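The values are calculated or read from the model by the stated rules, or taken from the named source; none is laboratory data. The structure presented is a predicted model; accordingly, all values stated were derived computationally and were not measured. All Cβ positions, even for glycine, are placed from backbone atoms using ideal geometry, and neighbour counts span all protein chains on display. Surface areas here come from the heavy atoms of the whole protein model, side chains and all, with no ligands, DNA or RNA. Shrake-Rupley method; radii C 1.70, N 1.55, O 1.52, S 1.80 Å.
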Amino acid sequence: MSFKDKIVNEKLPQHIAIIMDGNGRWAKKNGKERYEGHYQGVETVHKIVEASAELGVKFLTLYAFSTENWHRPKEEVDALMHLFVETIEQELPTLNKNGIRLRAIGDIASMPQQNIDNLNETMAKTEHNNKMDLVLALSYSGRWEIMDAVKKILKDQQTNPISAGEITEELFSSYLNTAGIPDPELLIRTSGELRISNYLLWQIAYTELYITPKLWPEFDKEDLYEAIVDFQNRERRFGMTSDQIKR
Ligand code: FPP
């Protein structure tokens, strides 16, 4: 029996975030170059995007390139930037066929012009799709995003002064790159590492974490279904007691 049959549709997470880790280790394990691991990782991206949209997940956020990834060897960074353009171009028909809108979070302005143009073009071509939002975190880190929000608040302060008391969680969230996107209920990390790696730091305050030893290129639809079933069997208490939740 597939884990898919155990998924309770009414309890489907509306936002799943993923740290796609292990491409390099997969390549090494299979006697290949690191970039080949990233290419294989794209196959997984395709399958997981499709599966998520099929299930009815509303937001899927993928950590594709972190602020810290800029420190990787230049050849690997260049290969990844090229792969992003190529993949996004190739995936356009799938995005439109499945009603998926492409969005991006992160310091997009720091990316090569070709990537910026490619993202803008694809975001425009998919902006009316409304089944699922695919959010790519590119040149992204949680600390960068929080700092960016603080800077924007200070900038706005010059024209539209607000008092300290007016700074609420809602107001702060509206300055984040993820403004308008609900916090993820489920965060999946592949390759077994037990860390958050500067991902969605503000947004994951009460997110359920699911860490699998599978490397990203080996992760498949069935693994996604299993993660969702695991999530659905948890009790989310948000700091309250079990009795309060059941009431
Ligand atoms: C982490 O594995 C993976 C990345 C830094 C890149 C992920 C990018 C893709 C899968 C391509 C996706 C493309 C689009 C358009 C979304 P790693 O290199 O850190 O692996 P390691 O820890 O085993 O070395």
Positions within the stretch 5-39 being within 16 Å of the ligand (Cβ to nearest atom), open to solvent by 70 Å² or more (accessible area, probe 1.4 Å) and not in a loop (DSSP other than H, G, I, E, B), in sequence order: Arg25, Lys28, Lys29, Arg34, Tyr35, Tyr39
Residue ID - farthest from Glu43 (Cα to Cα), chosen from residues in the stretch 202-247 that are open to solvent by 70 Å² or more (accessible area, probe 1.4 Å) and among the hydrophobic types (A, V, I, L, M, F, W, C): Met240
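Residues checked against (1) loosely packed, with under 15 Cβ neighbours inside 10 Å; (2) closer than 23 Å to Trp70 by Cβ:
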residue: His128; (1), (2): yes, no
residue: Met132; (1), (2): no, no
residue: Leu138; (1), (2): no, yes
residue: Ala164; (1), (2): yes, no
Positions within the stretch 216-247 being within 18 Å of His15 (Cβ to Cβ) and hydroxyl-bearing (Ser, Thr, Tyr), in sequence order: Tyr225
Residue match in the stretch 169-178 (condition: open to solvent by less than 30 Å² (accessible area, probe 1.4 Å) and either touching a strand residue (DSSP E or B) at 6+ places or on another chain (Cβ under 7 Å) or assigned to a strand (DSSP E or B) (or both)): yes
Residue in the stretch 87-109 that is near the ligand (Cβ under 10 Å from one of its atoms), of a type in the set (Asp, Glu) and open to solvent by less than 30 Å² (accessible area, probe 1.4 Å) present: no
The stretch 110-126, subset of a type in the set (A, V, I, L, M, F, W, C) and crowded, with 19+ Cβ neighbours inside 10 Å, residue farthest from the chain's Cα centre (by Cα): Met111
Any hit, the stretch 45-52, residues being more than 18 Å from Pro217 (Cα to Cα), touching a Leu at 6+ places or on another chain (Cβ under 9 Å), touching a residue at least 24 places away in the same chain (Cβ under 8 Å) and crowded, with 18+ Cβ neighbours inside 10 Å: no
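So which of Arg34, Arg25, Arg72 is among the charged types (D, E, K, R) and touching a helix residue (DSSP H, G or I) at 6+ places or on another chain (Cβ under 7 Å)?
Arg34
Scan the stretch 66-73 and tell me whether some residue there is under 22 Å from Leu215 (Cβ atoms), surrounded by 21 or more Cβ atoms within 10 Å (Cβ to Cβ), in contact with a Pro (Cβ under 9 Å, 6 or more places away or on another chain) and modelled with pLDDT of 95 or more.
Of the residues in the stretch 66-73, the ones under 22 Å from Leu215 (Cβ atoms) are 66, 68-69, 71-73.
With the extra rule that they be surrounded by 21 or more Cβ atoms within 10 Å (Cβ to Cβ), the set shrinks to 66.
Now restrict to residues that are in contact with a Pro (Cβ under 9 Å, 6 or more places away or on another chain): none.
No, the stretch 66-73 contains no residue that is under 22 Å from Leu215 (Cβ atoms), surrounded by 21 or more Cβ atoms within 10 Å (Cβ to Cβ), in contact with a Pro (Cβ under 9 Å, 6 or more places away or on another chain) and modelled with pLDDT of 95 or more.
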Residue match in the stretch 75-83 (condition: out of contact with any helix residue (DSSP H, G or I) (no Cβ under 9 Å at 6 or more places or on another chain), away from the ligand (no atom under 11 Å from the Cβ) and either modelled with pLDDT of 95 or more or acidic (Asp, Glu) (or both)): yes
Any hit, the stretch 68-76, residues being of a type outside the set (Val, Ile, Thr), without any contact (Cβ under 8 Å) to a residue 60 or more places away in the chain and outside any helix (DSSP H, G or I): yes
Selected residue [open to solvent by less than 40 Å² (accessible area, probe 1.4 Å) and not hydrophobic (A, V, I, L, M, F, W, C)] from Ser191, Ser197: Ser191
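What residue, of Phe238, Phe219, Phe231, is of a type outside the set (D, E, K, R) and modelled with pLDDT under 95?
Numbers: Phe219 fails: modelled with pLDDT under 95; Phe231 fails: modelled with pLDDT under 95.
Result of the check over Phe238, Phe219, Phe231: Phe238.
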